[in-house]
Amino acid sequence: MDNFTSDFSSGVGSGKMDTGTIMEQVKVQIAVANAQELLQASNRPARMTDKCFKKCIGKPGGSLDNSEQKCIAMCMDRYMDAWNTVSRAYNSRLQRERARI
Amino acid sequence: VNMDGQGVTADPQLQQFIEVESQKQRFQQLVHQMTEVCWEKCMDKPGPKLDSRTETCFVNCVERFIDTSQFILNRLEQTQRGRGSFSETMSE
């Protein structure tokens with residue numbers, strides 16, 4: 001943590017340190033964005049929140065009752081299971097496509 | 001010192017990092033999108049685990065989604081070469 005110059009064109013010492021810092025920051029931002037994708041509303045309902053609301057909440061009451069909360073918790077787990085399944089399947093497909101080339 | 005006017009991306013290590021991370025992001029985005037779409041097709045009431053029939057549905061869904069995407073790209077390409085409407089190309 002010696003030198004904090006922002007001279008990206010140097011490629012020596014200080015330049016590389018800043019590149020590393022940039023990379024770390026970008027990785028953190030990507031991780032945050034990924035979590036937000038699941039959880040927070042942007043210009044349309046967040047995916048996990050939207051799906052689990054649809055599956056678990058019938059007529060909205062004055063609060064979330066116990067069965068609704070249990071359903072939401074299970075739904076979240078199943079959504080992550082589904083996400084992992086899709087990720088694996090997509091990855092396999094991509095590898096198969098690349099093997100063909 | 002590389003002064004080709006690209007500024008920050010003159011650093012090849014950073015450039016490569018950006019490309020790799022962009023690719024990973026595109027992958028993630030598609031997983032998000034397909035999970036959402038396939039959830040509608042495959043998920044009944046969320047239970048204590050993902051049973052094998054549901055899991056198979058998700059796998060098939062991913063494959064068919066990609067097939068659909070490729071099909072559409074191919075047909076678009078063909079119709080742009082002046083073969084007329086989308087449904088006309090079906091008679092080949």
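Any residue in the stretch A:18-32 that is of a type in the set (Val, Ile, Thr) sitting within a Cβ distance under 8 Å of a residue that is surrounded by 14 or more Cβ atoms within 10 Å (Cβ to Cβ) and outside any helix (DSSP H, G or I)? List the pairs, counting only those 6 or more apart or interchain.
From the stretch A:18-32, the pairs are A:Thr19/A:Phe8; A:Thr19/B:Asp11.
In the stretch A:43-94, which residues are of a type in the set (A, V, I, L, M), in a helix (DSSP H, G or I) and within 23 Å of B:Cys61 (Cα to Cα)? So that I can check it myself, show each step before the final result.
Step one: of the stretch A:43-94, the residues of a type in the set (A, V, I, L, M) are A:46, A:48, A:57, A:64, A:72-74, A:76, A:80, A:82, A:86, A:89, A:94.
With in a helix (DSSP H, G or I) added as a condition, the list becomes A:48, A:72-74, A:76, A:80, A:82, A:86, A:89, A:94.
Once the filter is applied, which keeps residues that are of a type in the set (A, V, I, L, M), in a helix (DSSP H, G or I) and within 23 Å of B:Cys61 (Cα to Cα), the stretch A:43-94 yields A:Met48, A:Met74, A:Met76, A:Met80, A:Ala82, A:Val86, A:Ala89, A:Leu94.
Filter the stretch B:17-75 down to the residues that are facing chain A (nearest Cβ under 9 Å), more than 25 Å from A:Cys56 (Cα to Cα), at pLDDT below 95 and more than 13 Å from the chain's Cα centre (by Cα) and list them by number.
Of everything in the stretch B:17-75, those that are facing chain A (nearest Cβ under 9 Å), more than 25 Å from A:Cys56 (Cα to Cα), at pLDDT below 95 and more than 13 Å from the chain's Cα centre (by Cα) turn out to be B:Phe17, B:Ile18, B:Glu21.
The values are calculated or read from the model by the stated rules, or taken from the named source; none is laboratory data. Since this is a predicted model, take the numbers as computed values, not measurements. Don't worry about glycine lacking a Cβ; one is built from the backbone with ideal geometry, like all the others, and counts go over all protein chains shown.
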